[in-house]
Structure formats: C-alpha cells, structure tokens
Amino acid sequence: MSRREMNHLLKEPKVSLFWKYLLFGFNSVFWLFGSLLVAAGLWAWAEKEKGSDMSSVADLGLLDPVWLLLTVGAVTFVLGFAGSVGALRENTYLLRFLSASLTAIFFAECVAAPLVFVFSERITDQLDAFFKKGIRTYRDDVDLQNFIDFVQGYWRCCGTQGPDDWDLNIYFNCTDVHNSTERCGVPFSCCVRDPADKGGGVVDTQCGYGARKRNGDSGFDRIYTNGCVEEMKVSLMTNWNIPLIVIVVSGAVNFIGMMLAVTLLNQISHVKSKWVAAEDPPETGLIVHAQ
C-alpha cells in the first residue's frame with residue numbers, strides 16, 4: 001500500500017473505539033447480571049414446583065417473588081444483550097432499541113417517584129393485601145415464607161397489622177378445626193430476639209408455638225406485637241434518603257446508558273453520511289456494521 005493510500009485510509013471517518021467498547025463493557029455487565037437473575041429465578045421456580053401448591057402462586061400473579069425475579073432478570077438480559085451486540089457490531093437497530101427502552105424506563109422512574117408519595121395510601125393498601133395473601137399461603141409457598149420471615153425479622157414485627165393476622169393461616173389460626181402444633185401461634189420470625197444472641201446461635205423455630213392462646217399478655221411478651229405494614233411505613237419515612245439514593249442511582253445508570261447509545265448512534269450516522277457523500281467510496285475492507 002502506497003503512502004498516499006495509507007494517508008487516505010487514516011483520514012477516513014471511523015467510529016470511536018473508545019465509545020464503542022465503553023458501551024460494550026457497560027452493557028456486558030448488565031447482560032451478565034440479567035443472566036444470573038434469570039438463572040436464579042428459574043432455579044427458584046423449579047424448587048417451588050417440586051414442593052409447593054402452584055395454585056397459591058397463581059393467586060399472587062406477578063407479585064410472586066419468583067415472577068418479579070424472572071421479569072427483572074429478563075428485561076436486564078435483553079437490554080444488556082441489545083447494548084453489547086449493538087455496540088460490538090455497530091448495529092443501529094439494536095442501539096435504537098436500547099436507547100428507546102432506556103429512555104422509557106428513565107421517564108417512567110421520573111414519573112413513578114412522585115406518584116409513590118401521591119398514592120402512598122393506595123400503595124399501603126396493596127402492600128397490606130399482598131402481605132395477607134402471603135400469610136394465607138405461608139406454608140404452601142417457600143419463597144413467600146422466606147420473604148415474610150425476612151420482613152418480620154428485619155422490621156421486628158408480626159403479621160400485617162398485628163399477630164392476630166396469623167388467624168388467616170389454617171395452620172396458625174385459633175379455631176378447633178385442626179390439631180396443628182402451630183395452632184394459635186406465630187412463625188419463629190415473630191419472636192423477640194434474645195439480646196445476648198448476636199446471630200450465631202441456633203434458631204428456636206418453636207418459639208412462637210401457642211403464643212396467642214395464653215391468657216392476658218403473658219404470651220405476647222416473647223413476640224413482636226406491631227404490624228409489619230406500619231413498621232415498614234415508619235422505617236421508610238425515617239430513612240427516606242435510602243430509597244431516594246436508589247432512585248437517583250438507578251436513574252443515573254439509565255441516563256448514562258442512554259447517552260452512550262445516542263453518542264455511538266450519532267457517530268455511526270456521521271460515518272455513513274460521509275461514505276454516502278463520497279463520489280468513490282474507499283474499498284479498504286473497513287465495514288461499519290450498521291443496518
């Protein structure tokens with residue numbers, strides 16, 4: 001190749017490798033993260049199907065933790081795939097899809113954030129209904145069981161509005177229609193923690209047995225008496241900066257991805273316009289994989 005041809009080649013417009021591989025690396029992380037979420041969701045679904053009553057899952061619909069995990073994982077996987085392959089192959093269709101999707105998600109977050117405060121009572125009612133469904137299917141759905149135990153243990157609460165909400169569960173209610181050992185009790189996650197226990201001791205899974213059938217308040221001195229919905233609301237109002245940080249970080253990530261996709265799209269369009277405008281396009285073997 002002559003010096004003149006070499007100079008002509010070097011002067012040809014090209015897509016910046018920096019922005020190309022920056023977008024590729026950025027989306028590869030989410031592609032991998034989405035794959036892990038989908039794999040975890042499928043594993044959880046397989047475990048649920050082995051030992052759970054599937055009718056209870058259908059009753060919860062998309063609010064079931066497994067469906068939420070699969071949905072978030074699938075969306076993250078698809079967007080990560082579109083961004084990674086689109087950047088690597090300089091495919092404008094995939095990049096436009098990524099940019100439009102991230103833009104929609106970004107504006108949805110901007111709209112949803114204030115609506116959470118405007119419709120806080122409505123959201124509280126939905127949370128109350130969801131938690132009660134979880135109580136009813138506590139022994140039928142292992143994912144909901146773990147979720148409720150986590151909520152009650154973390155927020156140190158019991159039931160939706162209080163311990164008596166566990167009457168909604170056939171195993172824990174106080175009627176005489178069954179002889180369950182858990183009758184008129186609560187799950188172990190309702191039990192008041194021993195101050196001496198720093199988390200390394202053996203969990204007493206029977207500490208809530210019969211806690212609600214004793215006379216007076218003698219049974220309630222060892223379980224939490226506050227409802228979880230109210231405790232979660234108080235915690236949210238007290239630590240309002242935490243969800244705010246989550247919203248801001250999520251919005252920033254979406255905005256960065258959107259800007260990277262738009263920047264690469266503009267560069268590809270600029271290169272294509274230069275080549276189309278050229279009277280004699282160079283036959284150098286440099287191909288922009290734009291569609």
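No value in this document is a laboratory result; all are computed from the given coordinates. Every value quoted in this text rests on a predicted model; they were computed, and no experiment measured them. Every residue, glycine among them, receives a Cβ derived from its backbone with ideal geometry; neighbour counts consider all protein chains shown.
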Item checked: Pairwise centroid distance, computed over Cα atoms, of the stretch 146-180 with the stretch 245-270, Å -> 45 Å
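Considering only the other residues whose Cβ falls under 12 Å of the Cβ of G86, what net charge follows from Lys and Arg at +1 and Asp and Glu at -1?
Numbers: positive: K20, R89, R96; negative: E90.
Taking every Cβ under 12 Å from that of G86, the sum is +2.
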Note to self: Under 5 Å between amide hydrogens, which residues at least 5 positions from I223 or on another chain qualify, with H placed 1.01 Å from N in the peptide plane?
What the structure shows: V192
Checklist line | Residues S35, S273, sorted so that the one with the fewest Cβ neighbours within 10 Å comes first | finding: S273, S35
Notebook entry, point to check: Among 158-168, 16-26, what's the highest-first ranking by average C-beta atoms within 10 angstrom per residue?
Noted result: 158-168, 16-26
Next item on the list: Excluding R156 itself, calculate the net charge of residues whose Cβ lies under 11 Å from the Cβ of R156, where each Lys or Arg counts +1 and each Asp or Glu counts -1.
Entry: 0
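For the residues T137, T103, what sequence is obtained by ranking on other C-beta atoms within 10 Å, fewest first? List each step's numbers first, then the result.
On the way: T137 22, T103 16.
Placing the least packed residue first, the sequence is T103, T137.
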Check: Under a point spin-label approximation (7 Å from Cα along Cα-to-Cβ), what is the V78-T238 distance to one decimal in nm?
Finding: 4.0 nm
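Within a 10 angstrom radius of the beta carbon, how do V116, V38 rank from fewest other beta carbons to most? Don't skip to the end; give the middle numbers.
Numbers: V116 13, V38 18.
Taking fewest neighbouring Cβ atoms as first place, the list is V116, V38.
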Check: Local charge sum around L95 (other residues, Cβ-Cβ under 11 Å, Lys/Arg +1, Asp/Glu -1)?
Finding: +2
